[in-house]
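Colleague: I have a structure I would like to understand better, so I am pasting it below and will then ask my questions one at a time.
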Amino acid sequence: MAEREVMEVRAVLALLEPVFREMLRADELRSTRFHLAPIDDPWGHALQPDDLVETNSAVVWWRIVGERGASGGLRLDDGPEMTARCVQSDLQDFIAESRFGCGEFRGPRDLP
């Protein structure tokens, strides 16, 4: 059986920061706040930076220009690039359905 990927919250947030920088305009980025929360927490209470997460134990909650959204469960076992791409896809769906980005396609773009 393969070993499950486990990461600290701070490392996941650092991995995802470029996704938000690439997908959002400067004014949207200034208003953006995002954090990880347990997948089973409907209120999205933030995990602490040194908490450990594994595949499907957490989601990314964000607030952009006053609108709130979340990713699906983080699939850390698929590797860092795929984890970032999945959040990017969820963020793209959110942008397209939001008031600020209604219908816009902003990705995928290559991430650093």
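Colleague: Answer with yes or no whether L47 is open to solvent by 60 Å² or more (accessible area, probe 1.4 Å), of a type in the set (A, V, I, L, M, F, W, C) and out of contact with any Phe, Trp or Tyr (no Cβ under 7 Å at 6 or more places or on another chain). Can you show your working first?
Modeller: Working: open to solvent by 60 Å² or more (accessible area, probe 1.4 Å): no; of a type in the set (A, V, I, L, M, F, W, C): yes; out of contact with any Phe, Trp or Tyr (no Cβ under 7 Å at 6 or more places or on another chain): yes.
No; evaluated as a whole, the condition is false for this residue.
Colleague: Do you know which of the residues in segment 60-74 that are crowded, with 21+ Cβ neighbours inside 10 Å and of a type in the set (A, V, I, L, M) is nearest to P42 (Cα to Cα)? Talk me through it step by step, then tell me what you get.
Modeller: Initial filter on segment 60-74 (crowded, with 21+ Cβ neighbours inside 10 Å): 60, 62, 64, 71, 74.
Subsequent filtering for residues that are of a type in the set (A, V, I, L, M) retains 60, 64, 74.
On the way: V60: 12, I64: 18, L74: 16 Å.
Here the residue is V60.
Colleague: If you take the residues in segment 80-99 that are open to solvent by 20 Å² or more (accessible area, probe 1.4 Å) and in contact with a Ser or Thr (Cβ under 8 Å, 6 or more places away or on another chain), which one is nearest to M7 (Cα to Cα)?
Modeller: Across segment 80-99, the extreme among qualifying residues is C86.
Colleague: Can you give me the ranges of the strands (runs of 3 or more DSSP E) entirely in segment 4-63 with at least 1 residues that are hydrophobic (A, V, I, L, M, F, W, C) and within 21 Å of G101 (Cβ to Cβ)? Please lay out each step first, then the result.
Modeller: Values: elements: 6-8, 33-38, 52-54.
Answer list for segment 4-63: 33-38.
Colleague: Tally up the residues in segment 24-69 that are of a type in the set (F, W, Y) and in contact (Cβ under 8 Å) with a residue 60 or more places away in the chain, please. If you could, list the steps in order and put the result at the bottom.
Modeller: Looking only at segment 24-69, we keep the residues that are of a type in the set (F, W, Y), and these are 34, 43, 61-62.
Narrowing the set further to residues that are in contact (Cβ under 8 Å) with a residue 60 or more places away in the chain leaves none.
Within segment 24-69, residues that are of a type in the set (F, W, Y) and in contact (Cβ under 8 Å) with a residue 60 or more places away in the chain number 0.
Colleague: Looking at this structure, is D77 of a type in the set (D, E, K, R), closer than 27 Å to V6 by Cβ, outside any loop (DSSP other than H, G, I, E, B) and open to solvent by less than 60 Å² (accessible area, probe 1.4 Å)? If you could, list the steps in order and put the result at the bottom.
Modeller: Working: of a type in the set (D, E, K, R): yes; closer than 27 Å to V6 by Cβ: yes; outside any loop (DSSP other than H, G, I, E, B): yes; open to solvent by less than 60 Å² (accessible area, probe 1.4 Å): no.
Against the criterion (of a type in the set (D, E, K, R), closer than 27 Å to V6 by Cβ, outside any loop (DSSP other than H, G, I, E, B) and open to solvent by less than 60 Å² (accessible area, probe 1.4 Å)), D77 does not qualify.
The values are calculated or read from the model by the stated rules, or taken from the named source; none is laboratory data. Just so it is clear, the model here is predicted, and its values are computed rather than measured. Cβ: placed from backbone, ideal geometry, glycine included. Neighbour counts: every protein chain shown. Calculation scope for accessible area: heavy atoms of the full protein, side chains included, ligands and nucleic acids excluded. Shrake-Rupley method; radii C 1.70, N 1.55, O 1.52, S 1.80 Å.
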